[in-house]
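A.B. asks: Can you read through this structure? Questions will come right after.
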Amino acid sequence: MPYVTYLAEGERVGLRPFRLADGPEFTTRARESRRLHRPWLFPPTTVEEYEPYATRLIEDEARAGFLVCERATGAIAGFVNVNNIVHGAFRCGALGYGAFAHAAGRGLLREALGLVVDHAFAPADDGDDGGGMGLHRLEANIQPGNTASIALVRGRGFRLEGFSPDFLYVDGAWRDHERWAITADRRGFAQPPDRWWA
């Protein structure tokens, strides 16, 4: 396996940014995982769909995308994205994530979610040595019937904050969602921002 530099590493998984070159592997895994993902999740299944998806995660400052890779092989096992990132006094992001079928049920996404949460809450670094994102809050909006996703965030310390009817347009209809969230103080990152306008 070629040497890979990960942004964060756990016992079995490493996180790295999306690359356009990952399109063939990512979309093959997404096609293999349709039965697992539907009706909750619709990742790109063709390279033509993947390119604008990955480009947004690479270039848009309000998003951060992380590929979950198995350290033993480098294979892509899933993804965790932080979307709608707002800084300043809010310092929040919304999570989107999914495991691919070959990796489902093995605890890899659970490990990866913990790494992403820690990275998101670690203080931001103005230098080039890969500091965290400096966020205070992460949210996960989950359809009530998606018991696997609810178990994942609950197991990582997220708390149920409420219920939003007709919250997101998914699979052709406006769907109800439960709102789950975690804040930095629950993970041991209790630093206030240096400036309220940061």
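The values are calculated or read from the model by the stated rules, or taken from the named source; none is laboratory data. Being a predicted model, the structure only gives us computed values, none of them experimental. Because the Cβ atoms are built from the backbone with ideal geometry, glycine has one as well, and the counts that use them run over all protein chains shown.
A.B. asks: Take T46 and tell me if it is surrounded by 18 or more Cβ atoms within 10 Å (Cβ to Cβ), more than 16 Å from the chain's Cα centre (by Cα) and at pLDDT 95 or above.
C.D. replies: Details: surrounded by 18 or more Cβ atoms within 10 Å (Cβ to Cβ): no; more than 16 Å from the chain's Cα centre (by Cα): yes; at pLDDT 95 or above: yes.
No: the conditions fail for T46.
A.B. asks: So G114 fits all but one of (1) touching a strand residue (DSSP E or B) at 6+ places or on another chain (Cβ under 9 Å); (2) modelled with pLDDT of 95 or more; (3) surrounded by 16 or more Cβ atoms within 10 Å (Cβ to Cβ); (4) of a type outside the set (K, R); what number is the exception?
C.D. replies: With respect to (1) touching a strand residue (DSSP E or B) at 6+ places or on another chain (Cβ under 9 Å); (2) modelled with pLDDT of 95 or more; (3) surrounded by 16 or more Cβ atoms within 10 Å (Cβ to Cβ); (4) of a type outside the set (K, R), G114 is out only on (1).
A.B. asks: Now for a separate question. Could you tell me whether G145 is more than 18 Å from L15 (Cβ to Cβ), in contact with a helix residue (DSSP H, G or I) (Cβ under 6 Å, 6 or more places away or on another chain) and outside any strand (DSSP E or B)? Steps first, answer last, please.
C.D. replies: On the way: more than 18 Å from L15 (Cβ to Cβ): yes; in contact with a helix residue (DSSP H, G or I) (Cβ under 6 Å, 6 or more places away or on another chain): no; outside any strand (DSSP E or B): yes.
In short, no.
A.B. asks: Taking the conditions exactly as written (within 26 Å of A21 (Cα to Cα) and among the basic types (K, R)), does R156 satisfy them or not?
C.D. replies: no
A.B. asks: In addition: Restricting attention to segment 91-133, which residues are of a type outside the set (D, E), in a loop (DSSP other than H, G, I, E, B) and farther than 15 Å from I182 by Cβ? Before the answer, list the steps.
C.D. replies: As a first pass, look at segment 91-133 and keep what is of a type outside the set (D, E): 91-110, 112-117, 119-124, 127, 130-133.
Those left that are additionally in a loop (DSSP other than H, G, I, E, B): 91, 100, 104-107, 122-123, 127, 130-131, 133.
Within segment 91-133, F100, A104, G105, R106, G107, P123, G127, G130, G131 meet the criteria.
A.B. asks: Looking for whichever is free of Cβ contacts under 8 Å to residues at least 40 places away in the same chain and over 23 Å from P44 (Cα atoms) here; the options are D118, D125. Which one fits?
C.D. replies: Values: D118 fails: free of Cβ contacts under 8 Å to residues at least 40 places away in the same chain.
None of the other options fit; the residue is D125.
A.B. asks: On to the next question. Just checking, does segment 88-99 include any residue being among the aliphatic types (A, V, I, L, M) and within 20 Å of R19 (Cα to Cα)? Steps first, please.
C.D. replies: Just the residues of segment 88-99 that are among the aliphatic types (A, V, I, L, M), to begin with: 89, 94-95, 99.
Subset that is within 20 Å of R19 (Cα to Cα): 95, 99.
Yes; the residues of segment 88-99 include at least one that is among the aliphatic types (A, V, I, L, M) and within 20 Å of R19 (Cα to Cα).
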